[in-house]
Amino acid sequence: MKKNEEPFQMKGKGMAAAIAICFIAVVALVGAYTFSSYKREMKEQLAKAEEEQKEKEREVEEKEQSEAANTDRIVLPEQEEAAQNPDGEEQQEEGEATEHAKETPAQTDAGAEQTAAAGTAAYFSEEDTLLWPVDGNVIMNYSMDQSIYFATLDQYKYNPAVVISGQVGAEVKAAAAGTVSAVDTNAQIGTTVSIDMGNGYAAIYGQLKEVPVQPGEYVTENSVIGYVSEPTKYYSVEGPNLYFQLLKDGQPVNPMDHIAYE
């Protein structure tokens, strides 16, 4: 009886082992299928989430573009008013003109004087005369056809101007009306004032100090344009003087030909 039961027991153990292996295989297959399904579902969810995010970004971008377009179409109140009232600029100009008309007489007179001075153009002709610019006598005549003696330099040379003696501090006055073209200083004739008298004529006044005029300023005849200074080293022997030169188209001419003698 025992001999017959041993094969049966062996068969029972083998069947149990087979069942266990089958169960394990089934579990493995089910696990593999479940993991694969899980991965697929996760992938689909990620793709869906990504698509939803892109859709939201497109909606935000479209909204921003729409708002920008609406902003461009906004008309500010002042723009709307200007569009409805194209004559606004003209009315503003009329208002400014009215304000200008309300200026006080003193302001108007001052403005008129400035305009008149700015618009004045001197015109000196060959027939016009010059006023004597400083109290004093001629100590060196104009001479461009022959040389004359310069005491300080101890030499003979041409003289393109008239040298007039004067006391230090004496007033120097404009011999004719014109516009100050330059105020310069050089070693030979010190501080100078150049006045454009129009028609190609210009006067140069040298050996000056305390000049009260500036370039661009219009001066009338007989107005003070400076004061006699101490002479430069080129005229130390001659003493204090006014260097007075007249030019026509840039060339020196004899100012004595235009002096008004009393």
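Determine whether the stretch 135-149 contains at least one residue that is assigned to a strand (DSSP E or B) and in contact with a Lys or Arg (Cβ under 6 Å, 6 or more places away or on another chain). Looking through the stretch 135-149, at least one residue is assigned to a strand (DSSP E or B) and in contact with a Lys or Arg (Cβ under 6 Å, 6 or more places away or on another chain).
Table: residues versus (1) closer than 16 Å to PRO231 by Cβ; (2) surrounded by 12 or more Cβ atoms within 10 Å (Cβ to Cβ); (3) more than 43 Å from the chain's Cα centre (by Cα).
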| site | (1), (2), (3) |
| --- | --- |
| THR129 | no, yes, yes |
| VAL134 | yes, yes, yes |
| MET140 | yes, yes, yes |
| MET144 | no, yes, yes |
| ILE164 | yes, yes, yes |
| VAL168 | yes, yes, yes |
| GLU171 | no, yes, no |
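What number of residues in the stretch 215-250 are part of a strand (DSSP E or B), open to solvent by 20 Å² or more (accessible area, probe 1.4 Å) and in contact with a Leu (Cβ under 7 Å, 6 or more places away or on another chain)? Qualifying residue count for the region: 1.
The values are calculated or read from the model by the stated rules, or taken from the named source; none is laboratory data. Note that the structure is a prediction, hence the values are computed from the model and not measured. We place every Cβ from the backbone using ideal geometry, glycine too, and count neighbours over all the protein chains shown. Accessible surface is based on the protein model in full, side chains and every heavy atom, while ligands, DNA and RNA are left aside. Shrake-Rupley method; radii C 1.70, N 1.55, O 1.52, S 1.80 Å.
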